[in-house]
């Protein structure tokens, strides 16, 4: 398998975690987003949406991080990334989507660039925008944790799921932009538990070849 990604892309980070949890090896192809390499014709031929990650599995090209994670879970079912029961699976997906659909799109690099480069928003105001939506979204995530199946060491129970795979990269970005995370003790406890695992540690942005 070949993974096209960028070391600070939270979507790419999610897929790296999933691949590591599954114990799968892969070739890494770095696409430098700040240099706009995602708009190169060669990459657009891989993904016309000009987004990372993209996973090439023996010629089958897959985009969108959550779709890739669920593909990996179906093709390589152990260890599972979703709970066995329908309620647990729905809750894990809801938690994952609250980050992937509600928080992340408002703070994607291309959105932040549009704010500053096209609309003339000052850097300080752009950072306020970022912190507002991340802090509000993670506060909602904290509340959601108490609404579904009981969280344990991780978002749901004692093993990582798709929810944890989405949470950890979002916390990385939140810390990078100096968001206030003190109102989310359960979120931060789960994040700390995830970061004790080798699969999450090896997926960290600082450990990627293009981080240098």
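Filter the range 52-65 for residues that are touching a helix residue (DSSP H, G or I) at 6+ places or on another chain (Cβ under 6 Å) and either within 12 Å of residue 100 (Cβ to Cβ) or part of a loop (DSSP other than H, G, I, E, B) (or both) and give the result.
First, pick out the residues of the range 52-65 that are touching a helix residue (DSSP H, G or I) at 6+ places or on another chain (Cβ under 6 Å): 52-53, 55, 62, 65.
Answer for the range 52-65, where residues must be touching a helix residue (DSSP H, G or I) at 6+ places or on another chain (Cβ under 6 Å) and either within 12 Å of residue 100 (Cβ to Cβ) or part of a loop (DSSP other than H, G, I, E, B) (or both): 52, 53, 65.
May I ask you to list the residues in the range 193-212 that are over 16 Å from the mean Cα position of the chain (by Cα) and part of a helix (DSSP H, G or I)? Walk me through how you get there before you give the answer.
Taking the range 193-212 first, the residues over 16 Å from the mean Cα position of the chain (by Cα) are 193, 196-198, 209-212.
Those that are over 16 Å from the mean Cα position of the chain (by Cα) and part of a helix (DSSP H, G or I): 193, 198, 209, 210, 211.
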Legend entry - Conditions (1) buried (at least 16 other Cβ atoms within 10 Å of the Cβ); (2) modelled with pLDDT of 95 or more; (3) over 26 Å from residue 38 (Cβ atoms); number of the one not met by residue 151: (2)
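One line per residue, one yes/no per condition, for (1) assigned to a helix (DSSP H, G or I); (2) within 14 Å of the chain's Cα centre (by Cα):
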residue	(1), (2)
33	no, no
38	yes, no
47	no, no
67	yes, yes
88	yes, no
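Residue 121 - would you say it is at pLDDT 95 or above, in contact with a helix residue (DSSP H, G or I) (Cβ under 8 Å, 6 or more places away or on another chain) and outside the structural domain of residue 9 (by TED's automatic domain parsing)? Quick ask: steps written out before the conclusion?
Working: at pLDDT 95 or above: yes; in contact with a helix residue (DSSP H, G or I) (Cβ under 8 Å, 6 or more places away or on another chain): yes; outside the structural domain of residue 9 (by TED's automatic domain parsing): yes.
Yes.
For the range 29-41, which residues satisfy the criterion of being surrounded by 15 or more Cβ atoms within 10 Å (Cβ to Cβ) and within 16 Å of residue 205 (Cα to Cα)?
In the first step, residues of the range 29-41 are kept if they are surrounded by 15 or more Cβ atoms within 10 Å (Cβ to Cβ); the result is 29-31, 33, 37-38.
Passing the criteria: 29, 30, 31, 33.
Kindly indicate which of 163, 174, 96, 92 is within 16 Å of the chain's Cα centre (by Cα), over 20 Å from residue 52 (Cα atoms) and buried (at least 21 other Cβ atoms within 10 Å of the Cβ). Steps first, please.
Working: 163 fails: over 20 Å from residue 52 (Cα atoms); 174 fails: over 20 Å from residue 52 (Cα atoms); 96 fails: over 20 Å from residue 52 (Cα atoms).
The match here is 92.
Looking only at the range 148-169, which residues are out of contact with any helix residue (DSSP H, G or I) (no Cβ under 8 Å at 6 or more places or on another chain) and in contact (Cβ under 8 Å) with a residue 24 or more places away in the chain?
First, pick out the residues of the range 148-169 that are out of contact with any helix residue (DSSP H, G or I) (no Cβ under 8 Å at 6 or more places or on another chain): 150, 152, 158-159.
Across the range 148-169, the qualifying residue is only 159.
The values are calculated or read from the model by the stated rules, or taken from the named source; none is laboratory data. Please read these numbers as outputs of a predicted model, since none were measured by experiment. Positions of Cβ are generated from backbone atoms using ideal geometry, with glycine treated the same way; all protein chains shown enter the neighbour counts.
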